[in-house]
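Structure first, then comments.
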Amino acid sequence: MKPFAALAAALVLTLAPALALAQEALREVRVHFPHGVSSTTIKGTLQGRETIDYKLGATAGQRMTVTLTTDHTANYFNLIEPGAGDVAYFVGANSGNHFEGELARSGDQTIRVYLYRNAARRGETARYRLKVAIAGAGHGHLPAHTTDAKVPETDFNATGNIPCARAGGQPMGSCRFGVRREGGGAGSITVFWPDGGNRVIFFRNGAPSRYDQSQADGGARMTVRREADLFRVRIGDQRFEIPEAALVGG
């Protein structure tokens, strides 16, 4: 066997177990509530780099409460909306092990339970209880589904451009955006940076409420200031000027 071929074969044999372990590290579990009950408590054990995605269906406008009780200080959970890939809007390592809030999108919600960095690398073990509850939308009813048409060849109900700035001290430029409306004044606006990447800002009751927080954001604070029919949104050094009509139409 030629030296290069032998080296390639050795690399395959070396990397195969690692790749298999990576594929096995993520496990999905479907959450079911007992009949007539809108909450449940799940007991689990997590070791090393293992990650468990708990999936449950819910409707935009419903209120979800998640509480993680654990015997390990590096055991957290993230929350990921339907269709958001791996981008979390709630990061437990930054925000703690309790969440309560209104859901912006309908579909399978993901509660991702994991061990943080060093504890995961050391192969440590956590034993936990995960309590999940879903309540009906505010005002005693579920929100009406949106009847907005989609912009042709997109998954958005509206598209356009808004003023934006990505870095501190940078003058406002222009960013493309797309809005998904879930009804009841809830949904999300995706802002596309001219140099690549995007930022997703979620809204409820017709106003920006949170963003697609990740570890790279370092817990950046989001502030919203309303001026007439314009929302001035700041996330760390990032700035956005979002017309109310872009979120709810009109």
Subject >> the stretch 91-107 residues that are farther than 17 Å from residue 59 by Cβ, paired with ones that are open to solvent by 30 Å² or more (accessible area, probe 1.4 Å) (beta carbon under 6 Å, 6 or more apart) >> reply: 92/76; 93/76; 93/116; 94/219; 98/67
Original post:
What strands (runs of 3 or more DSSP E) completely inside the stretch 1-114 contain at least 3 residues that are modelled with pLDDT of 85 or more and hydroxyl-bearing (Ser, Thr, Tyr)?
Top reply: 39-47, 63-70
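So that you can scan it fast, the table gives a plain yes or no per residue for (1) in contact with a helix residue (DSSP H, G or I) (Cβ under 7 Å, 6 or more places away or on another chain); (2) touching a residue at least 12 places away in the same chain (Cβ under 8 Å):
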position	(1), (2)
173	no, yes
178	no, yes
186	no, yes
192	no, yes
197	no, no
205	no, yes
220	no, yes
229	yes, yes
238	no, yes
Original post:
Of the residues in the stretch 156-183, how many are open to solvent by 40 Å² or more (accessible area, probe 1.4 Å) and assigned to a loop (DSSP other than H, G, I, E, B)?
Top reply: 7
Subject >> Among residues of the stretch 187-236, those that are charged (D, E, K, R), assigned to a strand (DSSP E or B) and either open to solvent by less than 50 Å² (accessible area, probe 1.4 Å) or on the phi > 0 side of the Ramachandran plot (or both), counted >> reply: 2
Original post:
Got a sec? Which of 126, 144 is modelled with pLDDT of 95 or more and either assigned to a loop (DSSP other than H, G, I, E, B) or touching a His at 6+ places or on another chain (Cβ under 6 Å) (or both)?
Top reply: 126
Original post:
In the stretch 237-250, what residues are part of a helix (DSSP H, G or I) and over 18 Å from residue 176 (Cβ atoms)?
Top reply: 244, 248
Subject >> Residues within the stretch 61-92 that are farther than 26 Å from residue 184 by Cβ, touching a strand residue (DSSP E or B) at 6+ places or on another chain (Cβ under 8 Å) and surrounded by fewer than 16 Cβ atoms within 10 Å (Cβ to Cβ), tallied >> reply: 4
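The values are calculated or read from the model by the stated rules, or taken from the named source; none is laboratory data. Just so it is clear, the structure is predicted and the values come from calculations on it, not from any experiment. We place every Cβ from the backbone using ideal geometry, glycine too, and count neighbours over all the protein chains shown. SASA here: full protein model, heavy atoms, side chains in, ligands and nucleic acids out. Shrake-Rupley method; radii C 1.70, N 1.55, O 1.52, S 1.80 Å.
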